[in-house]
Amino acid sequence: MTLDGIVRWFETLTPESARRAGEVYAPDAHFKDPFNEVRGVEPIARIYAHMFEQVEAPRFEVTGRFPGEGTAMLLWDFTFGPQGARRCVRGASHLVFAADGRIARHRDYWDVAEELYEKVPVLGGLLRLIKRRLRA
């Protein structure tokens, strides 16, 4: 699979296409994000299925791509929620490709505190206070 094909898969992801993760991920692929660390296509597909169960209208938009030799970095915006109240999480993915072009390793980087926890009413206030105190 090409990098363009992988980006298209992420940007058009549906519950149905998530079940076909084996088209994009190598059989023994490793996936890690701030909440999950799994190996294999089935556990990766379950992470995407869980995403569709937990949030309304999830969507990835790749805003930057930096291909390398057998690897790529993708910058993305992940939006979710009802129309008029959508939220956005910004992050990056480091992808390492298998010989056949499918993803062998996928590591997501995003700031859980800033993007999620700070938006929780009581917890968010506490985290913002701690950030202010730690600023130089």
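Derivation of every value follows stated rules applied to the coordinates shown; laboratory data play no part. The structure displayed is predicted, hence computed values, not measured ones.
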Listed by chain and number, the residues whose amide H is under 5 Å from that of residue 13, excluding neighbours fewer than 5 places away on the same chain and using placed H, are 60
Applied in sequence order to the range 48-63, the curve 6.51 cos²θ - 1.76 cosθ + 1.60 (Karplus, θ = phi - 60°) yields integer Hz couplings, x standing for Gly and Pro, of 5, 4, 4, 4, 5, 6, 8, 10, 7, 6, x, 8, 9, 10, 7, 9
Listed by chain and number, the residues whose amide H is under 5 Å from that of residue 65, excluding neighbours fewer than 5 places away on the same chain and using placed H, are 75
Karplus ³J(HN,Hα) for the range 12-22 (6.51 cos²θ - 1.76 cosθ + 1.60, θ = phi - 60°; Hz, whole; x = Gly/Pro) runs 10, 4, 10, x, 5, 5, 4, 5, 9, 4, x
Short to long, in 5 Å steps from zero, the percent of alpha-carbon pairs of the range 3-110 per bin is 2, 12, 22, 28, 22, 8, 3, 1, 0
In whole Hz, the Karplus estimates of ³J(HN,Hα) for the range 88-96 (6.51, -1.76, 1.60; θ = phi - 60°; x where Gly or Pro) are 10, 10, 9, x, 9, 10, 9, 10, 10
